[in-house]
Amino acid sequence: MTDREYPTRPLVGIGVVLLRPATATAPWAVLLVRRGKPPAMGQWSIPGGAQELGETAEHAARRELTEETGLVAGPLTLAANVDSIHYDAESRVQYHYTILDFAGYWQMGAPAPGGDVTDAVFAPLEDLARYDLWSEAHRVIGLARRVLSSACDATETPGQN
């Protein structure tokens with residue numbers, strides 16, 4: 001059992017939807033990681049983790065992104081929140097996270113798994129079904145795309161703002 005199991009109150013989790021714009025050789029893609037620890041061990045998700053005491057939410061997002069993938073994001077925008085509550089066999093709350101999800105564009109570099117993830121990839125947006133994502137991950141990716149699209153001036157190239 002970890003200090004995150006059976007909490008007395010919700011913990012703050014942070015996620016980052018990092019989008020990679022299409023190029024002549026690659027379609028639009030989103031960064032995904034495969035979790036190496038419970039509660040979602042072995043599952044694909046967006047990168048993220050727990051906020052640490054004394055750290056801002058955005059700093060936590062940037063730290064988790066770098067720790068889990070080696071990547072650095074440009075400007076980040078708060079895109080969504082998710083309640084992630086997992087119950088044990090006796091219907092007790094085993095994990096409870098309130099997750100703040102940020103959105104940003106990829107700048108450069110290739111994802112490399114680190115921290116508590118076992119794999120990190122840019123998944124083409126039209127191929128997300130093969131990653132068996134949680135429905136909330138699909139929702140947040142859609143919200144992040146809309147938030148970034150409306151925040152990006154029509155004359156700017158995504159990832160260059």
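A few comments on the model shown:
- Which label in [x] 17.0; [y] 15.7; [z] 16.1 gives the computed Kirkwood radius over Cα pairs in Å: [z]
- Net lengthening on full extension, residue 118/residue 9 (0.36 nm per residue, minus Cα-Cα): 36.4 nm
- For segment 8-116, with +1 on Lys and Arg beta carbons and -1 on Asp and Glu, the positive-most of 115, 23, 49 along the dipole: 23
- Cα-centred dipole magnitude for the chain, charges only on beta-carbon of K, R (+1) and D, E (-1), debye, nearest 20: 200
- Panel order for 108, 41, by other beta carbons found within 10 Å of each beta carbon, from fewest to most: 108, 41.
- Residue-averaged 222 nm ellipticity for the chain, from DSSP H runs of 4+ at -39500 (n - 2.57), nearest 500: -6000 deg cm²/dmol
- DSSP bridge analysis restricted to segment 11-151 gives an antiparallel fraction near 75%, rounded to the nearest 5.
- Residue list for segment 100-126, given a label point 7 angstrom along the Cα-to-Cβ vector of residue 67 and an amide N cut-off under 19 Å: 100-103, 111-121
- For residue 150 and residue 83, the FRET efficiency from 1/(1 + (r/R0)^6), where r spans their Cβ atoms and R0 equals 22 Å, is about 0.35.
- Separation of alpha-carbon centers, segment 1-22 and segment 108-154, rounded to whole Å: 15
- Packing-based exposure ordering (other Cβ within 10 Å, fewest first) of 85, 141: 85, 141
No lab work stands behind these numbers, since they all come straight from the coordinates. Quantities reported herein were computed from a predicted structural model and do not represent experimental measurements. Neighbour counts run over all protein chains shown; Cβ positions are idealised from the backbone, glycine included.
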